[in-house]
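Only one structure is covered here, and it is reproduced in the block below.
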Amino acid sequence: MKYNSVRGTKDIYSPEIELWQYLEKTAIELLQNYGFSEIRTPIFEELALFNRTIGEDTDIVEKEMYTFNDKKGRSLTLRPEGTAGVVRAAIEKNLLVQGGLTKLYYQGPMFRYERPQAGRYRQFYQIGAESIGSDSYWRDIEIIVLCVEFFSRLGLAGLKVYINSVGCAECRPSYRSVLQNFLLENSAPLCADCQRRMARNPLRVLDCKVETCRQVITRIPAIQDYLCQSCRDNFQNIQQTLQKENIAFIADKFLVRGLDYYTRVVFEIKSESLGAQDAVAAGGRYDKLVKELGGPEMSAVGFALGVERVVEVLKKQKAGGWPETSGDVYFALLGQQAQQEAFTLIRDLRQSGLKVEACLENKSLKSQMRQADQYKAKFTVIIGEDELKKGIAVVRDMLTKEQKEIKLNDLVSILKELKLK
Ligand code: HAM
């Protein structure tokens, strides 16, 4: 019986995995430069946490969550995103300091039961960060600049930043009623989901992907015209600062994001190199969520990037090239005694940090040399019966093809030295 991976999931291995590692390393270094420290939260949480934070009328909660009952009948959900769990943990573990700022980053798999297509998976990986405890618009700027810096460190081009303000508790209700009235007057073409959303959470209609709804959405009054003075100033300050920092952006009045917790500024970064699923990173401010989850009144802002999508852009643009995977030393061994002699040397070399592989399967010298090539070894050490008798090993420089006889006793120290050069 042969098994296949589940629809919407992906196995990641060499050479693509090296690209993932390169991306992860770049992101983590950057996040640490910006003062974020890592948090790892569980992959599943109580269902209620996501209902409460992401919102009952969102696509994610309505139809995309992997929810199941455990053996005690508890309703649990595989996390569809990282923010809810991070905020839950920060409150529960007292990581939030009143008057202070808590900066946390995370990485790992998220789960959404979406229709799989290029760039859209049911298990996908995010790297994200949350800056909790400040309502300064500089923290929004910091997050957007961090994202832009990340893509520039990867050497990627053709990315565009879209921003919008979704208002606050002061101004959103008035926009909501304007929107509701407009939708009531134009309800005929709306899909069944939007007919329902219209009454309960009309802002969600803006996020609908159905074509007939999209046609109505383009005529919807823009939220920007209904922002209160404070949200207007905030949005203005952010746009001016981005301009001053030379960060190109597009103010997109229809950008509302697919999660309910946002307040004020939201953003998405899209790549020209991808198809329909072109958002590589997204985020925004959420000033009510911490209190909503039982924590102190604290403003926050954050983002998450989709690793599969960034990897796809990297592959397409080949920016920075594929990271090279190569080994330092390959041992070609002929006979059991050679294997025995070499094994201790191999352990020693590996302990000192060298990448070492060996053939321990009694293959012909020809096939072992082929394996050394595949391993992209810098040096190949050949030990057979003759070498053992003489107490030496043949060391072949795989680039110059030069061969030298080296005493077995000196082999480890000489290889370490060659590697250091
Ligand atoms: P999101 O927009 O739902 O935001 O997801 C962020 C990114 O994850 C997307 O821009 C996309 O690159 C990737 N992504 C989402 N769904 C999929 C999928 N099915 N397959 C592949 N990639 C996907 C959030 O999750 C928020 N928690 C971000 C945030 C953090 N806001 C504030 N703090």
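Summary of computed values
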item	result
Paired Rg and Dmax values of segment 329-420, which use every Cα atom, in angstrom	11.7, 31
Largest-first principal axis extents of the Cα set of segment 266-313 (Å)	42, 16, 13
Long-range Cα-Cα pairs in segment 156-270 (distance over 17 Å), rounded percent	56
Local electrostatic count at residue 12 - Lys and Arg +1, Asp and Glu -1, tallied over other residues with Cβ under 13 Å	-4
Stokes-Einstein D for the chain, Kirkwood Rh over Cα pairs, 4 °C, 1.567 mPa s (µm²/s)	52
Separation of alpha-carbon centers, segment 1-59 and segment 151-171, rounded to whole Å	20
Packing-based ranking, highest mean first, of 281-288, 358-365 given that Cβ atoms within 10 Å are counted	281-288, 358-365
Accessible area in square angstrom per residue, segment 329-420, 1.4 angstrom probe	62
Size of electric dipole in the chain: Cβ of Lys, Arg +1 and of Asp, Glu -1, about Cα centre, debye, nearest 20	580
Above-threshold pairs, the threshold being 19 Å between Cα atoms, out of 363/401; 270/316; 209/253; 25/315; 270/315	363/401
Other-chain or far-sequence residues with amide H under 5 Å of residue 363's (modelled H)	none
Built amide H within the under 5 Å cut-off of residue 358, gap 5+	331
Surrounding net charge for residue 203, when Lys and Arg each add one and Asp and Glu each subtract one, Cβ distance under 12 Å	+3
Kirkwood hydrodynamic radius (C-alpha pairs) into Stokes-Einstein, segment 58-129, 37 °C and 0.692 mPa s, D in µm²/s	233
Top of 298, 198, 369 by mean-square fluctuation, Gaussian network on the chain, Cα under 10 Å	369
Surface accessible to a 1.4 Å probe, residue 11 within the full protein complex, Å²	110
Segment 250-366: mean projected area of Cα convex hull, nm²	14.4
Label-point separation in nm, residue 401 to residue 48, each point 7 Å along Cα→Cβ	7.3
Within the chain, helix-based [θ] at 222 nm, where runs of 4 or more DSSP H residues each add -39,500 (n - 2.57), nearest 500	-11500 deg cm²/dmol
Relative packing of 38-44, 329-335, which averages over residues the other C-beta atoms within 10 Å, highest first	329-335, 38-44
For segment 1-139, Kirkwood radius (reciprocal of mean inverse C-alpha pair distance, Å)	17.0
For segment 329-420, share of DSSP beta bridges that run antiparallel, in % to the nearest 5	55
Amide H partners (placed H, <5 Å) of residue 306, local residues excluded	281
Which of 384, 342, 352, positive extreme of dipole for segment 329-420 (C-beta unit charges)	352
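The values are calculated or read from the model by the stated rules, or taken from the named source; none is laboratory data. Note that the structure is predicted; figures quoted are calculated from it, not measured. Glycine also receives a Cβ, built like all others from the backbone with ideal geometry; neighbour counts cover every protein chain displayed. Ligands, DNA and RNA are stripped out before the accessible areas are found, and what is left, the full protein with its side chains, is counted by its heavy atoms. Shrake-Rupley method; radii C 1.70, N 1.55, O 1.52, S 1.80 Å.
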